[in-house]
Every structure is written in structure tokens, then in C-alpha cells.
1. FRET efficiency for Q254 and S188, Cβ-Cβ distance as r, R0 = 56 Å, nearest 0.05?
2. Fewest first, what order do M156, M310, M164 take by the number of other Cβ atoms within 10 Å?
3. By counting other Cβ atoms within 10 Å of each Cβ, how are S96, S174 ranked from fewest to most?
4. Using per-residue counts of other Cβ atoms within 10 Å, averaged over each peptide, order 167-173, 296-302 from highest down.
5. Any chance you could run the full-extension gain for K228 through L262? It's 0.36 nm times the residue separation minus the Cα-Cα distance, nm to one decimal.
6. If I model the stretch 2-186 as equal point scatterers sitting on the Cα atoms and use the Debye formula, what is log10 I(q)/I(0) at q = 0.10, 0.19 Å⁻¹?
7. Mind checking the stretch 22-87 for trypsin sites (Lys or Arg not before Pro) that DSSP puts in a loop (not H, G, I, E or B) and that have at most 11 other Cβ atoms within 10 Å?
8. By DSSP, what percent of the beta bridges with both residues in the stretch 2-186 are antiparallel, rounded to the nearest 5?
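Taken together, the values in this text are just the output of simple stated rules run on the coordinates, not laboratory data. The structure displayed is predicted, hence computed values, not measured ones. Neighbour counts run over all protein chains shown; Cβ positions are idealised from the backbone, glycine included.
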Amino acid sequence: MALSRSVFTVLLLCVVCKASNVPVFLWGDLSAPNLKANPLTVTTSPAFSDILSQELSGEPLTVIFIEETLSNEDFSRRNADGETSFPYLHSNLGKSVYLPSVENPIEALNLLEDPEEVSFVTLTEDGLSSEILPNSGNVLFINLKDAKDGESRGDMLQRHNDIMEDIVSKLQESHKSVVAVYTALQPSWVVSHSRFRRQAVDSNNTNEYALDGLRLYAKKIILVDDNKITSLEELSSSSSELNSTATTLKTTLQFSENSIVLSFRGAGGYWFFVVFGDSFHCVGFFSAPIWSGLFVVFILLSITFYGILMMMDIRTMDRFDDPKGKTITINAGE
């Protein structure tokens with residue numbers, strides 16, 4: 001039994017060496033429950049050891065609940081009904097100490113007692129791995145490793161809250177003073193860090209030659225002279241010359257021991273870019289807003305023209321004739 005405890009302690013310390021900062025919640029019969037922690041700083045492992053020495057000065061029974069992962073966000077988690085996952089811990093806030101960020105707390109907790117006098121219990125899906133004996137020592141480690149398939153994290157944390165309440169209540173009945181510690185091996189919320197590697201282009205890459213006035217892509221350049229084959233590598237310099245009429249381009253490539261001249265004739269002007277784009281890129285002069293404006297103008301002109309015609313069709317005498325009265329007659333002699 002003693003050998004298994006020592007092996008478990010060594011394995012636990014190996015895991016903690018890779019752990020990050022995690023929160024620690026202490027409650028129970030603390031010696032200084034009014035200790036306030038600075039939430040903006042990280043509590044180092046030696047500083048946490050000093051806090052434990054101060055809080056556990058009365059040598060109470062210390063039960064340590066260890067989650068696999070735990071973060072500050074888990075304490076503020078709420079379910080659909082607005083209820084917290086830790087109602088038992090919230091009810092003990094008045095006599096508790098909360099450290100939001102502690103560096104490797106398990107390392108300091110393992111130094112509380114001689115490993116030979118420490119009890120280790122694991123909570124699995126089948127329950128506790130062993131019974132908690134009344135005289136098993138002053139330090140008790142309980143690993144909460146009973147995650148179930150299909151169970152949400154909020155439900156798992158609330159179930160662990162009920163388990164801690166039940167265990168601490170039973171221990172308080174059989175011991176004079178009990179202090180409980182709730183922490184984890186690793187944080188459940190980790191900020192991802194991305195890393196980009198920048199590397200300069202290999203100078204020995206001869207597949208691309210950026211020249212003055214010319215860009216040349218070649219897998220390999222070979223010079224054949226009198227059945228003698230020479231592989232040209234490591235371009236040292238280059239120069240390009242374009243005549244005044246822009247019809248001939250000469251590019252000289254200077255290698256370590258050889259040089260070649262590339263001549264291009266611009267009979268078809270194939271190295272000039274097209275000044276204007278393709279026809280399908282053109283935007284028509286009569287766009288939809290222009291057509292709409294012209295249509296409205298045509299309607300207004302038609303109404304105006306029709307009104308003028310109606311006004312011109314009115315006869316002079318018809319304007320003063322009463323349809324119900326006597327017809328107006330005018331003699332020619334008058």
C-alpha cells in the first residue's frame with residue numbers, strides 16, 4: 001500500500017509539471033478565512049505553500065478534490081434556468097479563500113504530509129475506488145475522474161458539487177475540523193497561440209530569373225557548344241536593352257564562366273500589354289437608372305403633349321355656351 005501511494009505521488013507530480021495555472025478554492029475550518037487574493041497576479045507555488053501553512057495551522061483534516069480540468073469560467077457557468085453549477089461552494093463563500101490563478105497547486109499540496117500518511121481515492125463511474133477510513137491520515141486526495149458519455153460539463157460540475165458536499169458533511173461529523181480544497185490538474189479554457197514561420201527564399205533556386213525588363217522561368221539552362229554540354233547555374237548578373245522603336249529586346253545573362261544573349265523581336269508586339277480590356281468588360285452607356293429616367297421623361301412629355309392638343313381643340317364659343325339655356329346667336333350684320 002505504501003509503495004502504491006509513493007508511485008501515485010510520483011505520477012501525479014509528473015503530470016503537474018506540465019500543468020498550467022489553475023484556480024484553487026479552500027473552505028471549511030480555516031485559520032484565516034478573510035485572506036483576499038489579488039486577481040491580477042499569479043500565485044506562485046512557494047506563495048501558495050505559505051498560504052496553506054497559514055490556513056492549516058490548526059492541523060485539520062484536509063480533503064483535496066482534484067478535477068481533470070478547471071478554470072475561473074467554470075465557477076460563473078449558469079444553466080438554462082440561471083442556476084450555478086456550484087451551489088454548495090457558493091453557500092460557503094463567507095468562510096472560504098479563492099485563488100483565481102495558482103501555479104502548480106498540486107505540487108504544494110503534495111508537500112503537506114509525508115506520502116506514507118496520505119490517502120488517495122479516485123472517483124470513477126463505479127464510485128469511490130476505496131472507502132474513506134476515519135483514521136487514514138490528515139490529508140486525503142480524491143481524484144474526480146468519473147466523466148460520463150453524453151454528459152455536459154455543467155451537469156458534471158454540478159454532480160461533483162453534490163459529491164463534495166456529501167463527503168465533506170460526513171467528514172465533519174467524524175472530525176473536529178475539516179478543510180476542503182478544490183482544484184485541478186490543468187485549465188479547461190486555454191487560449192490558443194498561433195505561430196508563423198518566416199523563411200527567406202533559397203538563393204540557390206534557379207527556376208526563376210527576375211531580370212531587368214524580362215522574367216524568365218526555366219527548370220534548367222544548358223549550353224551546347226561543339227557537342228560540349230555545360231550546365232549554367234548561379235546567375236551573377238543580367239542586363240536588358242530595348243531599341244528606340246521598341247521592336248527588339250536583347251537580354252544578356254552572365255554566369256560564372258559563360259554568358260548568353262537572348263534576342264526577342266517584337267514583330268507581333270507580344271510583350272506589350274493590351275491597353276484596353278476585353279469587350280465583355282465594358283459597361284454600357286445606357287444603364288438601368290438611365291433607362292428609368294428616360295422612360296419617366298417620355299411619359300411626362302406625352303402627358304404634356306396630349307394636354308396641349310386638348311387645349312387647342314377647345315372652340316371659342318363653346319366656352320360661353322350654356323347647355324341648359326338659350327342658344328347664343330350672333331347676326332352677321334351686327
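1. FRET efficiency, Q254 to S188: 0.30.
2. Ascending number of Cβ neighbours within 10 Å: M310, M156, M164.
3. Least to most surrounded, the residues fall as S174, S96.
4. Highest-to-lowest ranking by the protection proxy: 167-173, 296-302.
5. Taking K228 through L262 to full extension adds about 10.3 nm, to one decimal.
6. Cα-only, vacuum Debye calculation for the stretch 2-186: -0.37, -1.55.
7. K36
8. 40 percent
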